[in-house]
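The values are calculated or read from the model by the stated rules, or taken from the named source; none is laboratory data. Just so it is clear, the model here is predicted, and its values are computed rather than measured. Every residue, glycine among them, receives a Cβ derived from its backbone with ideal geometry; neighbour counts consider all protein chains shown.
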Amino acid sequence: MKRRNFIKTASITGVGLAIGSSLISCNDGISKESANQNEDAIVDTMRRPLVVATWHVKAATAKAMEILQTGGNALDAVEHGCKVEEANKKNQTVGNGGLPDRDGNVTLDASIMDKYGNCGSVMYLQNITHAVSVARKIMEDTPHVMLAGEGAKQFAVSKGFKSEDLLTESSKRAWEKWKIEAKYKPIINIENHDTIGMLAMDNNGDISGACTTSGLAYKLGGRVGDSAIIGSGLFIDNDIGGCVATGLGEAIVKTVGSFLVVELMRQGKSPQQACEDAIKRITNKPKSNFRDFQVGYVAMNKKGETGCYSIQKSFSITKFHNGTNEHIQSDYFNKS
């Protein structure tokens, strides 16, 4: 090869190598970004399906997970999961067998919310075991969000729900014992675990939630807590996540607790951080008597991350994920 041709060829080759190196560098950058996105997607997918609920309710979370694993959606999962505890007569804080108000009436509150933000709730419902399913019927079959009292019962019966006496002998005996002194004071972590709240994420990554309760035992007739109030006992935003609450409903309503947790997650907080900040919103209020009652939150974000926190010790959650149905004690604020 002549010297002139050698220099020309070498120059062209050098330019080609430089261009190739540049292209490789650009491709590496795209590949890394793509790899990171793919890694996030894989992690998110690995978290599905997922169920979390307030308190020790493994039978309920197992039912919800069974539905998710057989192709059901998150809305079906939370409804049927909550129905397990509503039908459990040994659970005196939910559904059939719930402790009555001070007049001896078992009254139920419940709510449900789907991935689209649709919601339904029922309050002061009597003689119908599955309040959560009535709430879903309100959401799907009416233009309303909430029905209460006798109107709610009439609607439920019109939809085929069975009317029955929900006051079991065990709850009746407890009520009659209470009437001897008839003093009312919430009992932390006994009476106040008056709610099953459940969140589920299905295989599509969609989130739904439900909440159902017989409310505080021996309450004034007509009292409604947080469970039936969208944004207080339950809130879902499928772009962000969801939250359910348990404990003294009056305190939760005053801070619109579940909505607050979801909004804190929207601002970038993790579910754990959001639950802790929402609890502090209660405890930091001037003249707060937080030592006298319990509130607990459990939250889930769109990534499938979860968190829980309460005012007092002994709050717990049940989490079913990756084949493990686990009862977990929550961290808490009041360690004094």
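A few remarks follow.
- Scanning the range 202-209 turns up no residue that is without any contact (Cβ under 8 Å) to a residue 40 or more places away in the chain and either surrounded by fewer than 24 Cβ atoms within 10 Å (Cβ to Cβ) or farther than 20 Å from His80 by Cα (or both).
This table checks each residue for (1) free of Cβ contacts under 8 Å to residues at least 24 places away in the same chain; (2) closer than 19 Å to Leu220 by Cα.
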residue	(1), (2)
Gly81	no, no
Gly98	no, yes
Arg102	no, yes
Asn118	yes, no
Val122	no, yes
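- Meets criteria (touching a Leu at 6+ places or on another chain (Cβ under 9 Å), surrounded by 14 or more Cβ atoms within 10 Å (Cβ to Cβ), over 25 Å from Ser258 (Cβ atoms) and not aromatic (Phe, Trp, Tyr)) for Lys153: yes
- Residue match in the range 71-80 (condition: farther than 29 Å from Asn238 by Cβ and in contact with a strand residue (DSSP E or B) (Cβ under 8 Å, 6 or more places away or on another chain)): no
- Selection status of Ile67, touching an Asp or Glu at 6+ places or on another chain (Cβ under 6 Å), of a type in the set (A, V, I, L, M), crowded, with 22+ Cβ neighbours inside 10 Å and not in a loop (DSSP other than H, G, I, E, B): yes
- When residues of the range 188-213 are limited to those that are within 16 Å of Arg223 (Cβ to Cβ) and in a loop (DSSP other than H, G, I, E, B), the one modelled with the highest pLDDT: Thr195
- So Glu181, is it without any contact (Cβ under 8 Å) to a residue 40 or more places away in the chain, in a helix (DSSP H, G or I) and over 17 Å from Gly95 (Cα atoms): no
- Per the listing Ala131, Ala74, Ala60, the residue uniquely crowded, with 24+ Cβ neighbours inside 10 Å, in contact (Cβ under 8 Å) with a residue 60 or more places away in the chain and touching a Leu at 6+ places or on another chain (Cβ under 6 Å) is Ala131.
- Within the range 76-134, restricting attention to residues that are at positive phi and assigned to a loop (DSSP other than H, G, I, E, B), the residue that is nearest to the chain's Cα centre (by Cα) is Gly117.
- Residue in the range 211-225 that is nearest to Ala299 (Cα to Cα), counting only those that are more than 18 Å from the chain's Cα centre (by Cα) and among the small types (Gly, Ala, Ser): Ala217
- Checked against the criterion of being modelled with pLDDT of 95 or more and more than 23 Å from Asp206 (Cα to Cα), the candidates Thr129, Thr54, Thr61 yield just one match: Thr129.
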